[in-house]
1. Taking amide hydrogens as modeled 1.01 Å from N in the peptide plane, which residues meet the under 5 Å criterion relative to GLY354, leaving out close sequence neighbours?
2. What fraction of the DSSP beta bridges in the chain is antiparallel, stated in percent and rounded to the nearest 5?
3. Go through the range 139-188 and name the trypsin sites (Lys or Arg not before Pro) that are in a DSSP coil and have 15 or fewer other Cβ atoms within 10 Å of their Cβ.
4. Relative contact order, percent, of the range 155-227 when contacts are C-alpha pairs under 8 Å separated by at least 6 residues?
5. Obtain the radius of gyration and the Kirkwood radius of the range 218-325 from its C-alpha atoms and give Rg over Rh.
6. Given H placed 1.01 Å from N in the peptide plane, which residues other than close sequence neighbours of LEU340 have an amide H under 5 Å from its amide H?
7. What is the chain's relative contact order, in percent, from Cα pairs under 8 angstrom and six or more apart in sequence?
8. With a ≥ b ≥ c taken as the square roots of the eigenvalues of the C-alpha gyration tensor of the range 1-158, please select rounded if a/c is under 1.5 and otherwise prolate if a/b is larger than b/c or oblate if it is not?
Amino acid sequence: MNLEEAKAKLEEFDQAHVLNYYDELSESEKEELLSQIKETDLSVLKKLDELKTPKKRGRFSPLKTVQLSDIENRKKEFYDIGSDAIKNGKTCALLLAGGMGTRLGSDDPKGMYNIGETKDVFIFQRIVENLLDVVNETGTWIRLFVMTSEKNHEKTVDFFEKKNYFGYKKDKVLFFKQSMAPACDREGKVYLEKKNRISTSPNGNAGWYSSMIRAGYDKIMKDEGIEWINIFAVDNVLQRICDPCFIGATIDADVSVGAKVVKKAAPDEKVGVICLEDGKPSIVEYYEVSQEMMDEKDENGEPAYNFGVILNYLFRVKDLDAVTDDKMPLHVVEKKIPFLNENGETVRPETENGYKFEQLVLDMIHELGTCLPYEVIREKEFAPIKNKTGVDSVESAKELCKKNGIEL
Ligand code: UTP
């Protein structure tokens, strides 16, 4: 893209300020900026007002969860189905590690965070160790995909290399970068990160499927006969990955996606609750759960909306073409976005100063139409690290690890 074309594109989207420093740039910096302007989808900025308006939700109704007692009764059956699928190479794991982890506040990828006390225990290491349990149990190396973003890709790959893949088989691990979206101020003007760079952020945790296709890894899945993908968040250091019983129950239910869920700790706990919306599986945010929904009971007298998702899903590959990113809604999220001020200095704001655009996994669940919520024991499988202290923090996750006999 040449300068004239860049100007035209920026003007079309009201973003002419992106070239404010153009004349000060070196030739290579100019080229970098022009190429970023070419690649960046600025059309989202025009939709800011529309996207900020909360969508009207449909009619909610409860969705049946396979609960611990159901699982216990059919454990052997589920286990055998799942472990066969693993042994036949039909399942893979996909680590979502493209997020910025701003709440944790470390400049490194979140997975490099060390939660060890007497020795090193990195978040990535915990994840790989959890997966290795299943590898050892089934005698099968499971393909592991790792999604990064351009902000943390090199550091993530280098870290895995340096740590010898934490004992995982190197040629079973494949990394790919997720796509980025522009970040803007409250008026919809993109921020500049540097004089020659528009501020961007990863395009949300639903970016994984389209980004995987862009990397050509859909072909690898096809060649290897992979039928199921277990996607999971980087920050839950206790989660079971490619858990044979979960895989077995999802295959047995013949659904497009299985979702690991935990019983809510309190009716108003801040977790996304799984249910039906206009007859299709959906996740309703804690602030959208009405008092009436909180009070509703199921046939056993238990709360009817009682299970929260933990970002651990098993997707059936053949159904995924329905959820490529052009088919998914966009969400606007308020964030703290570092930016260049009028003097050309970088400012790191203390409070939210703008928006980024994301596509969310929870919309994939809704679009796919069939989902099996599968209960797991919170204390054994849910130790998310979002913050440094307090709820869902390094502190709380460490406590849970120790309770589960993990040496730190
Ligand atoms: P979070 O919603 O906790 O976001 O991600 P985050 O960016 O990691 O953290 P904060 O909000 O800035 O503190 C949940 C999971 O989804 C992944 C994260 O890496 C994490 O595993 N994720 C999130 C992506 O892979 N890409 C994204 O664009 C966003």
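The values are calculated or read from the model by the stated rules, or taken from the named source; none is laboratory data. Quick caveat, the model's predicted, so the values are computed rather than measured. All Cβ positions, even for glycine, are placed from backbone atoms using ideal geometry, and neighbour counts span all protein chains on display. We work out accessible area using only protein heavy atoms, side chains counted, and drop any ligands, DNA or RNA first. Shrake-Rupley method; radii C 1.70, N 1.55, O 1.52, S 1.80 Å.
1. Answer set, sorted by chain and number: LYS335, ILE337.
2. Beta bridges within the chain, antiparallel portion: roughly 65 percent.
3. Hits after loop and neighbour filter: LYS169, ARG186.
4. Values: 51 pairs, mean separation 18.0, N = 73.
Across the range 155-227, relative contact order equals 25 percent.
5. Working: Rg = 15.8 Å, Rh = 15.6 Å.
Rounded to two decimals, Rg over Rh is 1.01.
6. When sequence neighbours closer than 5 places are left aside, the close amide H contacts are LEU192, VAL347.
7. Averaging sequence separation for qualifying contacts and normalising by length gives 23 percent for the chain.
8. On the way: a/c = 2.66, a/b = 1.76, b/c = 1.52.
Taking the square roots of the gyration eigenvalues as a ≥ b ≥ c, the range 1-158 is prolate.
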